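Single-structure report; data block below.
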Amino acid sequence: MPSHPCKWPTCDEYVSRAGEYCPDHAEQGREVRAERSSFYDQHLRDPDAKRFYASAAWQHARARKLATNPTCEFEGCARFAQHVHHRKPLKDCTTSERVWQPNLESLCPRHHNEREAQVKRRSQ
């Protein structure tokens, strides 16, 4: 049963999951997210990190890590891993540490977001 308000500011509809848009505003919501993502990529994302994450070396290292550890490595979690996280932040890594398998950990989306939030809090 829908119990969360649509994320669109003036909408009175309810949806089943928090942070979602109703069917009438789903397309507009996708456009808003795309616009924000584009702005982030153009103005806020570290250009060096963007180049690295687009590189063949990273794609190979990421695929290898997920093949070796397909489940989340967060303690007690057995979910399917979709993200690969650097234990040592990318900006502090040497070139070889960026793809060094012991520096990488496979994480599910929930635990990857938690790790990223921890890193962000530490850097503030």
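The values are calculated or read from the model by the stated rules, or taken from the named source; none is laboratory data. What you are looking at is a predicted structure, and each value in this text was computed from that prediction instead of being measured. Note: ideal-geometry Cβ built from the backbone for every residue, glycine included; neighbour counts use all protein chains shown. Note: accessible area is taken over every heavy atom of the protein model, side chains too, but ligands, DNA and RNA are not part of it. Shrake-Rupley method; radii C 1.70, N 1.55, O 1.52, S 1.80 Å.
Computed values, structure above
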quantity: Cβ pairs under 6 Å, 6+ apart, first in segment 91-108 and within 15 Å of D48 (Cβ to Cβ) and part of a loop (DSSP other than H, G, I, E, B), second open to solvent by 50 Å² or more (accessible area, probe 1.4 Å) and of a type outside the set (K, R); calculated: V99/A57
quantity: Restricting segment 96-124 to residues that are surrounded by 10 or more Cβ atoms within 10 Å (Cβ to Cβ) and charged (D, E, K, R), the residue that is modelled with the lowest pLDDT; calculated: E116
quantity: Tally of residues being open to solvent by less than 50 Å² (accessible area, probe 1.4 Å) and farther than 12 Å from C108 by Cα across segment 42-95; calculated: 10
quantity: Members of segment 14-41 that are free of Cβ contacts under 8 Å to residues at least 12 places away in the same chain, farther than 28 Å from L90 by Cβ and open to solvent by 80 Å² or more (accessible area, probe 1.4 Å); calculated: P23, E27, R30, E31
